[in-house]
Amino acid sequence: MNAIAKEIWIPFMTHLQKTGKIMDWMVYRVVSPNGEDCDCDYREVVVHPDIASLNMFLLEEGMMEAAAVAFPGADLMSMGKRFEAAMTFEGSQTFVMVDGLTTGKPDNMDLLVVNYMTVPETNFMDYVEMEIEMFKPFHMARKEAGILLSWNLLNRILPFGSEFGGNYMTIDNYGSLERMLTPVPPETWQKIHPGGNAMVAYQEVAKLRDLTRSEVWKLTYSLE
């Protein structure tokens, strides 16, 4: 896969970024879970600036037109076959940002913990409110302590339906295994929520959503 990434994947995504068709692109290796418990070895992340960008990825014609510009004179059919032979595409999902700690891209996104949540439609508002009002300040405290680099809450908009797994996602960006394994000082919750009880808060949010899957991602490829 490395040869295909260097010859085709990275140059193509670099072209799309330079022409404003995407904002960013990364590929992560799923390091946990692994083996039979992992449904994908790698996760590709494409950050779209608008609906037109997303639409180009959803339509094969749009991608072929972009590839013809990125690789003028190349045998696109042959390149496509080589690309498909290097990996098996399992599907895609589209998420929109709901909230987060930072507006820009952190310098270090080498190690992420990605949590998939299934939230019943009747709980959407209450779940999002609790994440933002109760847990976002906690994540900010972890960021200020140098444990967490960034945190984001996302909502899946495509495809529709409960059969496609979690409809909400949180991304904890630690940047390194050392940060991920660093314990949070026990007094942190009381500092941001005086008189509050962290265990009760986690029990309450568990009533609003099911944590269906948690993965650890290690950065493999990215754009400069």
Exercise. State yes or no: is residue 186 modelled with pLDDT under 95, more than 26 Å from residue 10 (Cα to Cα) and not in a strand (DSSP E or B)?
Key: yes
Quiz prompt | helices (runs of 4 or more DSSP H) wholly inside the stretch 68-172 that include at least 1 residues being in contact with a Lys or Arg (Cβ under 9 Å, 6 or more places away or on another chain) | solution = 124-130, 136-144
Quiz item: Which of the residues belonging to the stretch 183-224 are surrounded by fewer than 15 Cβ atoms within 10 Å (Cβ to Cβ) and of a type in the set (D, E, K, R)?
Solution: 187, 191, 204, 207, 210, 218, 224
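Residue-by-condition table, conditions (1) at pLDDT below 95; (2) surrounded by 15 or more Cβ atoms within 10 Å (Cβ to Cβ); (3) out of contact with any Cys (no Cβ under 9 Å at 6 or more places or on another chain):
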site: 106; (1), (2), (3): yes, no, yes
site: 109; (1), (2), (3): no, yes, yes
site: 143; (1), (2), (3): no, yes, yes
site: 162; (1), (2), (3): yes, no, yes
site: 171; (1), (2), (3): no, yes, yes
site: 181; (1), (2), (3): no, no, yes
Exercise. Among the candidates 94, 122, 102, 118, single out the residue that is β-branched (Val, Ile, Thr) and over 19 Å from the mean Cα position of the chain (by Cα).
Key: 122
Exercise. Examine the stretch 27-34 for a residue that is closer than 19 Å to residue 93 by Cβ, touching a helix residue (DSSP H, G or I) at 6+ places or on another chain (Cβ under 9 Å) and assigned to a strand (DSSP E or B), and state whether such a residue exists.
Key: yes
Exercise. Report yes if residue 23 is of a type outside the set (Val, Ile, Thr), touching a Pro at 6+ places or on another chain (Cβ under 7 Å) and outside the structural domain of residue 215 (by TED's automatic domain parsing), otherwise no.
Key: yes
Quiz item: When only residues in the stretch 35-67 that are more than 18 Å from residue 83 (Cβ to Cβ) and part of a helix (DSSP H, G or I) count, which is nearest to the chain's Cα centre (by Cα)?
Solution: 54
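The values are calculated or read from the model by the stated rules, or taken from the named source; none is laboratory data. Here the structure is a predicted model, which is why all the values come from computation and not from measurement. We place every Cβ from the backbone using ideal geometry, glycine too, and count neighbours over all the protein chains shown.
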